[in-house]
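> Could you have a look at this structure, given as structure tokens, before my questions?
The values are calculated or read from the model by the stated rules, or taken from the named source; none is laboratory data. On a predicted model such as this, the values are computed, not experimentally measured, just so you know. Areas reflect the complete protein model, heavy atoms only, side chains present, ligands, DNA and RNA absent. Shrake-Rupley method; radii C 1.70, N 1.55, O 1.52, S 1.80 Å.
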Amino acid sequence: ESKICSLFDKLEAKNESGALKNQLHDRALKGHCLRLMVAAAKYNEKTKQAAISRAKALISSAFMTDRTRGVMYYLQLAEAQERDSTMEELKKSWGSNMDATEELIGVISSLDSDDAPKIIAALIKDPIFNINLAGHARRVVRNWAANRKRSVLSDEGLKLTELLLVTVGKVNQMSAYALLDAFGDIKKFSDEQKAKALKCLEGARGKLDPKAETSLYNQIGRLLASCKQFNTSG
């Protein structure tokens with residue numbers, strides 16, 4: 001542990017602003033060090049605090065890759081109050097830069113916590129989020145869809161999934177499609193979980209306009225039909 005922390009600190013001390021190719025390797029190695037600390041944090045409080053302090057230090061780095069990595073791990077490890085406070089600060093400081101805003105949206109929508117559905121639902125209402133920008137919508141949808149244990153296997157997660165299908169789908173149907181991929185194994189779900197997932201899809205479909213959102217409406221319909229056919233044959 002101490003060797004990893006020492007190596008991280010040594011690499012961080014070498015940082016210089018500017019596009020220096022020889023620092024790419026160092027930043028990648030530094031990222032690996034922090035990732036190891038984060039992985040061990042769940043087993044050791046001292047390691048957790050070491051990871052938190054170093055992740056927080058990266059947030060003010062001169063390099064965007066370091067900043068993004070720092071934000072991601074800090075928000076993942078920090079206590080809820082500190083995490084929420086930092087998110088609000090970042091929305092103000094990063095919100096004026098288009099690329100930084102998209103990175104922040106990506107990080108927030110990747111959060112894996114019990115209150116992630118609430119955080120992401122608030123994000124899509126926040127002024128930094130522009131649903132008309134495909135980059136914003138796709139970041140949120142893809143990251144949330146990838147977190148299947150929450151997006152399709154938890155009650156609060158399914159509520160957010162339904163909200164995103166409707167909210168994003170009414171603006172850009174293609175951007176919402178990744179959410180349907182999260183239901184790819186729905187036929188393998190338990191009967192109880194399958195019923196909840198189908199209710200989510202039916203709820204979203206019922207809020208879509210079959211004429212205005214034809215593609216997404218029909219795609220959800222085909223997914224529902226295939227599941228019901230499977231249930232009948234099974």
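> Can you compute 3J(HN,Hα) from phi for each residue in the stretch 106-118, using the Karplus curve 6.51 cos²θ - 1.76 cosθ + 1.60 with θ = phi - 60°, rounded to whole Hz and x for Gly and Pro?
Karplus-based 3J(HN,Hα) across the stretch 106-118 equals x, 5, 4, 6, 9, 4, 10, 8, 4, 9, 4, x, 5 Hz.
> For the chain, would you read off the P(r) tail past 30 Å as a percentage of all alpha carbon pairs?
36 percent
> At a Cα cut-off below 17 Å, give the aspartates and glutamates reachable from K46, other chains included and same-chain residues fewer than 8 away excluded.
Those aspartates and glutamates meeting the cut-off are E1, D9, E79.
> Give me the percent of the accessible area of the chain that comes from carbon and sulfur atoms, probe 1.4 Å, all protein chains in place.
Numbers: 6550 of 12590 Å².
Ligands and nucleic acids excluded, carbon and sulfur give 52 percent.
> Follow-up. Can you tell me the 0 to 90 degree angle between the C-alpha axis of helix 214-233 and the longest principal axis of the chain, rounded to 10?
70 degrees
> Can I ask one more? Convert each backbone phi in the stretch 196-205 into a coupling constant with the Karplus relation 6.51 cos²θ - 1.76 cosθ + 1.60 (shift: θ = phi - 60°), then list the ³J(HN,Hα) values in order as whole Hz, x for Gly and Pro.
5, 5, 5, 5, 4, 5, 5, x, 5, 4
> Assign one of three labels to the stretch 15-132, namely rounded, prolate or oblate, based on the Cα gyration tensor with a ≥ b ≥ c the square roots of its eigenvalues; rounded applies when a/c is under 1.5, prolate when it is not and a/b is larger than b/c, and oblate otherwise. Don't skip to the answer; put the middle values down first.
Values: a/c = 2.21, a/b = 1.17, b/c = 1.89.
It is oblate, given that a/c is not under 1.5 and a/b is not larger than b/c.
> What does the accessible area per residue of the stretch 45-84 come to in Å², with a 1.4 Å probe and no ligands, DNA or RNA counted?
In whole numbers, the stretch 45-84 has 49 Å² accessible per residue.
> Let me ask something else about it. How would the stretch 112-225 be classified by its alpha-carbon gyration tensor: rounded, prolate or oblate, with rounded meaning a/c under 1.5 and the a/b versus b/c comparison settling the rest?
Oblate, since a/c reaches 1.5 and b/c is not below a/b.
> Same structure, new question: Ordered by residue, what ³J(HN,Hα) values in Hz, to whole numbers, does the stretch 36-43 give under the Karplus form 6.51 cos²θ - 1.76 cosθ + 1.60, where θ = phi - 60° and Gly and Pro are x?
5, 5, 5, 4, 7, 4, 5, 9
> What shape does the stretch 45-96 have by the C-alpha gyration tensor, where a ≥ b ≥ c are the square roots of the eigenvalues, rounded means a/c under 1.5, and otherwise prolate means a/b greater than b/c and oblate the rest?
oblate
> Of the listed pairs K10/K56; K118/K194; K30/K125, which have alpha-carbon separations greater than 28 Å here?
Working: K10/K56 16 Å; K118/K194 23 Å; K30/K125 35 Å.
Long pairs (Cα-Cα over 28 Å): K30/K125.
> I've got another one for you. I'd like the distance separating the alpha-carbon centroids of the stretch 85-147 and the stretch 173-234, in whole Å.
25 Å
> Further, regarding this structure: Can you show me the helix-derived [θ] at 222 nm for the chain, built from DSSP H runs with n ≥ 4 at -39,500 (n - 2.57) apiece and divided by the number of residues, rounded to the nearest 500.
It comes out at -23500 deg cm²/dmol, rounded to the nearest 500.
> Taking the chain as the reference, fit the longest principal axis to its C-alpha atoms, fit the long axis of helix 64-77 to the helix C-alpha atoms, and give the angle between the two in degrees, 0 to 90, nearest 10.
Around 70 degrees separate the two axes.
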